[in-house]
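Worksheet: the structure to be examined is printed underneath.
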Amino acid sequence: MIFDDQTLAQLSNSLVYAAIAVYALAMLAYAAETAGRVAGAGGTVVADSPSRSRLLGAFGTSLTVLAFLLNLGGVVTRGLAAGRVPWGNMYEFVLVCALAAGAAYLAFLSRRPVRAFGVWIVAIVLLALGLAVTVLYAPAGELVPVLDSYWLVVHVAAAITGGGVFTVGAVATALFLVRHRQERRGTAQAPKGRYAATLPTTRTLEQVAHTAHIFAFPIWTFAVIAGAIWAENSWGRYWGWDPKETWAFITWVFYAAHLHAQATAGWRGVRASWFALAGYAAFLFNFFGVNLWITGLHSYAGV
């Protein structure tokens with residue numbers, strides 16, 4: 001059966017809405033698992049609460065995998081409907097960034113005890129997809145002429161991958177700060193605070209964050225360099241301090257400072273973590289703030 005472009009576009013929309021619904025259920029399952037663990041950490045007696053929490057967590061993970069596959073289907077069919085790579089405007093970019101964040105979380109989950117991240121990662125993905133379909137939606141169509149370049153594939157794919165992994169790093173860093181703060185009030189074995197007691201150790205959280213950042217930083221560096229080369233091909237200069245370029249560089253500086261601080265005695269741990277969170281905040285502002293509120297050469301992509 002051959003689908004026309006309009007049918008594929010409608011199928012893409014349906015798959016994205018289905019992904020949102022399943023992600024919402026996954027978030028509820030993860031939240032229920034977290035609530036059960038917090039109750040257990042506080043000494044509340046609930047029959048079979050550990051088993052129930054593990055079952056809810058496993059169910060949340062299964063739903064997350066299903067939602068990820070639906071999101072993937074929505075992205076693929078969107079690309080087929082448009083006849084190009086599916087990241088030519090903000091709506092499509094958010095769809096693929098959500099996909100990358102989900103993929104990064106599931107990849108870490110297969111190797112590290114990071115299911116405590118699930119409720120937060122899924123919440124971020126859910127908010128992104130909700131914003132995409134309500135505020136940023138644009139019908140499938142041809143690219144703006146200036147975007148019709150192979151550099152769109154190279155530059156934006158790198159930015160998407162880096163952003164997805166940075167999301168996992170940001171969540172790990174924020175949870176590290178929560179756990180560390182409560183450990184200072186209690187002990188590493190019994191941190192003061194029910195929620196903090198359910199989180200992985202500060203060492204595990206810091207290792208996950210470091211792995212995410214050390215993986216994503218070279219990719220983001222490549223994205224910035226590829227963007228500069230594309231700018232030279234399109235506008236005849238490598239760098240012009242356009243708002244998008246400026247905030248991409250600010251993001252790079254914060255993450256570079258974070259990785260440098262981690263290697264510097266006296267700056268490891270909490271101090272270094274704040275640079276990572278600042279870098280993620282700059283990344284978010286670079287995409288949403290600059291695109292929506294600031295006029296520049298990159299405004300042609302629209303919303």
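The values are calculated or read from the model by the stated rules, or taken from the named source; none is laboratory data. The model shown is predicted, which means the values in this text are computed figures rather than measured ones. Neighbour counts are summed over all protein chains in view; Cβ atoms, including those assigned to glycine, are modelled from backbone coordinates with ideal geometry. With ligands, DNA and RNA removed, areas are computed over all heavy atoms of the protein, side chains included. Shrake-Rupley method; radii C 1.70, N 1.55, O 1.52, S 1.80 Å.
What to note about this one:
- When chymotrypsin sites (Phe, Trp or Tyr not before Pro) are flagged only if DSSP places them in a loop and at most 13 other Cβ atoms lie within 10 Å, the longest unflagged stretch of the chain comes out as 4-238.
- Of the DSSP H helices in the chain, those that are both long (alpha-carbon extent of 20 Å or more along the helix axis) and hydrophobic (Kyte-Doolittle mean at least -1.0) are 5-41, 49-82, 90-109, 157-185, 202-235, 243-262, 270-284.
- Computed over protein heavy atoms with a 1.4 Å probe, the accessible surface of the chain works out to 47 Å² per residue.
- Euclidean distance of C-alpha centroids, region 82-137 and region 138-169, integer Å: 13 Å
- Residue with peak Gaussian network fluctuation, the chain [Cα springs, cutoff 10 Å], from Ala39, Ala196, Ala103: Ala39
- Fully extended contour minus Cα-Cα distance, from Leu127 to Ser62, at 0.36 nm per residue: 21.4 nm
- The modelled label-to-label distance between Ala281 and Gln6, using points 7 Å beyond Cα along the C-beta direction, is 4.8 nm.
- From its DSSP helices (H runs of at least four residues, each -39,500 (n - 2.57)), the chain gives a residue-normalised ellipticity at 222 nm of -24000 deg cm²/dmol.
- Extension gain, Val76 back to Arg52 (0.36 nm per residue minus Cα-Cα distance, nm): 5.0 nm
- Relative compactness, the chain, computed as alpha-carbon Rg over 2.2 N^0.38 Å: 1.06
- Taking every C-alpha pair closer than 8 Å and separated by at least 6 residues, the mean separation divided by the residue count of the chain gives a relative contact order of 18 percent.
- Phe288 versus Val135: modelled label distance in nm, points set 7 Å from Cα along the beta carbon direction: 0.6 nm
- Between Ser14 and Arg271, the distance separating the two model label sites (each 7 Å from Cα on the Cα→Cβ line) works out to 5.7 nm.
- Using a Förster distance of 41 Å, the FRET efficiency for Tyr150-Ala21 (Cβ separation, nearest 0.05): 0.70
- Under the convention that each Lys and Arg Cβ holds +1 and each Asp and Glu Cβ holds -1, the size of the dipole of region 1-159 around its Cα centre is about 700 debye.
- If you sort the three axes of the alpha carbon gyration tensor as a ≥ b ≥ c, you get a/c of 1.5 or more for region 97-172 and a/b no higher than b/c, which makes it oblate.
- Residue of Arg54, Arg181, Arg237 that the Gaussian network model of the chain assigns the largest fluctuation, springs spanning Cα pairs under 10 Å: Arg237
- Calculated P(r) of region 90-231 - Cα pairs past 20 Å, %: 55 percent
- Within the shell defined by Cβ-Cβ distances under 12 Å, the residues around Gly60 carry a net charge of +1, with Lys and Arg each +1 and Asp and Glu each -1.
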